[in-house]
Each structure stands twice: as C-alpha cells, then as structure tokens.
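Below you'll find the structure, written out as structure tokens, and then a few comments.
Readers should treat all values here as calculations from the given coordinates under stated rules, not as data from a laboratory. From a predicted model like this one, the values you see are computed outputs, not experimental measurements.
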Amino acid sequence: MPTNYSFIQIEYGTELYQQMVQLRFLVLRKPLGLTYRQDDLNKDQAFFLFALTDMHSGALIACCCLENLQPIYRLRQMAVHPDFQRQSLGSLLLSEVENWVKEKAGNQITMHARAYAIPFYSSNGYEVEGEEFLEVGIPHRVMTKLL
C-alpha cells in the first residue's frame, strides 16, 4: 500500500463513521436527490465498515461496507471522494477489502454495481452476472469475483 494512506476498519457510531456517512451521501445519494433515513443507517451496524484515510491529515478518502454472507461477502456503498477519484484509490481500497475477506476465509465478493461503475469493477476482476435491474432508480448489475 502506498505510504500516504491507511486502510482502517471503522466502528459504527464513531466520528469516523459520521465522516463515512457524509462521504457516501456526497458521492452516492446526493446526485440522485436521495437522503439517508435512520433505518438505512441502522443497517450499517450489521456490516463491516472500511476506509482509506490520508496518513497526514487523517481525512477519509474512500469507504465501503461489507456484508457477511459467509463464505460470500457483499460489497455495499463504496465511495471515493470526488477530489481523489481516478487516482487508483478505489482499486486500492478494493484490494485491501479483498485481502481482508481472504483472511476471514471468504471466497467471493458480490455486489449490486451501478451501471456507470461496471468498467471500474471489471478492471478489478469482477464479472457481470444476470440482467440489468433498477435500484434507487438507476440501472445496476450484479457483479462477482472469486477470491
């Protein structure tokens, strides 16, 4: 991992968790005119929460949630701050999450990928499965990767 960034696990309800919610809102919800309800956030308690932070400033740069469906894990709510997109930091976070899953004896990651994100996930070894469907009002595809 580049020395400028730290891969961390975030605890639900902490200050870093609040920053994670704000980043997810900025990247994933606000462009669609959506907000988070408390019911949405309560679900995060059941997930593993991960982030990349800047080692110098501590700023949260990228984040994701991971749902344990052992031995499969489901990636959810992955977001990279707009100022840091297209710098391979999403790929870095994804690689760290994949390593974490392997350490937990997981053998596959699946997700509902937004259609515009399919090239990113494909470039990281994920494969499209099934037909396109709508989720939060936009096209998605199931994508998976065997680890």
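Using Cα springs under 10 Å in a Gaussian network model of the chain, which residue among LEU93, LEU34, LEU23 shows the largest mean-square fluctuation?
Looking only at LEU93, LEU34, LEU23, the largest GNM fluctuation is found for LEU34.
Quick check of the Kirkwood formula: for the chain, what is the inverse mean of 1/r over all pairs of different Cα atoms, in Å?
Final number for the Kirkwood radius of the chain is 15.6 Å.
Expressed as a rounded percentage, what relative contact order does the chain have, with Cα pairs under 8 Å and six or more residues apart?
19 percent
If you restrict to DSSP beta bridges whose two residues both lie in the range 5-146, what percentage is antiparallel, to the nearest 5?
That works out to approximately 90 percent antiparallel.
Given the options GLY106, GLY13, GLY90, which has the most mean-square fluctuation in a GNM of the chain, springs set between C-alpha atoms less than 10 angstrom apart?
Of GLY106, GLY13, GLY90, the Gaussian network model singles out GLY13 as fluctuating most.
Using a 10 angstrom cutoff on alpha carbons, build the Gaussian network for the chain and name the most mobile of MET111, MET78, MET55.
Checking each option, the largest mean-square fluctuation is seen for MET55.
Indicate, rounded to the nearest 5 percent, the antiparallel portion of the DSSP beta bridges found entirely in the range 74-147. Write down the numbers at each step before the final one.
Numbers: 13 of 15 bridges.
If we restrict to bridges inside the range 74-147, about 85 percent are antiparallel.
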